[in-house]
Each structure stands twice: as structure tokens, then as C-alpha cells.
């Protein structure tokens, strides 16, 4: 990509934190974003999914789903 004149930035932030992506974008993507690769998520302890506690399920889904939604909304 860079050989063709494009720029690329990679980094990390806490997707579960509401303002973390906004701060990341302000620091690294002042000109906007053309392509975003969302590769985020957390796992649960080694147990069948149906046996997870409500708290563990909330933690996993809160990060994996809400974190992804926050990323997509922040990049528009």
C-alpha cells in the first residue's frame, strides 16, 4: 500500500471503553478513514456457552457486540 502512496495506521484501544476509539481516531486518523478492519473481541472461560453466568455473558457480548458497534459508528 505504501509503495502506491497510501498510508496505513494500526493500533490498539479498549473497545469496551466508550471514548477510546474516538481518542484513537483523533490521534491517528485526522484525515478520515477509507478502510477499517475491526478485529476485536474477548473470550470466555473454557466452558460450554450455555453454562456462562449472566455477568460473564454480559462481559463477552458487551465487548464483542457493543465494541464493534462503537467502532463502526465512530468511523462514519
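The values are calculated or read from the model by the stated rules, or taken from the named source; none is laboratory data. No experiment lies behind these values; they were computed from the predicted model shown. Virtual Cβ from ideal backbone geometry, glycine too; neighbours counted across all protein chains shown.
Condition test on residue 63, is it more than 25 Å from residue 1 (Cβ to Cβ), modelled with pLDDT of 80 or more and either touching a helix residue (DSSP H, G or I) at 6+ places or on another chain (Cβ under 8 Å) or surrounded by 12 or more Cβ atoms within 10 Å (Cβ to Cβ) (or both)? Criteria met by residue 63. For residues in the stretch 20-40 being farther than 17 Å from residue 66 by Cβ and in a loop (DSSP other than H, G, I, E, B), which is nearest to the chain's Cα centre (by Cα)? The extreme case among them is 37. Residues of the stretch 41-60 that are loosely packed, with under 13 Cβ neighbours inside 10 Å and either assigned to a helix (DSSP H, G or I) or touching a strand residue (DSSP E or B) at 6+ places or on another chain (Cβ under 7 Å) (or both): 49, 50, 51, 54, 55, 58. Residues considered: 17, 69, 3. Of these, the only one that is in a loop (DSSP other than H, G, I, E, B) and either surrounded by 12 or more Cβ atoms within 10 Å (Cβ to Cβ) or modelled with pLDDT of 80 or more (or both) is 17.
If you check residue 8 against the conditions, is it assigned to a helix (DSSP H, G or I), loosely packed, with under 10 Cβ neighbours inside 10 Å and free of Cβ contacts under 8 Å to residues at least 60 places away in the same chain? Criteria not met by residue 8.
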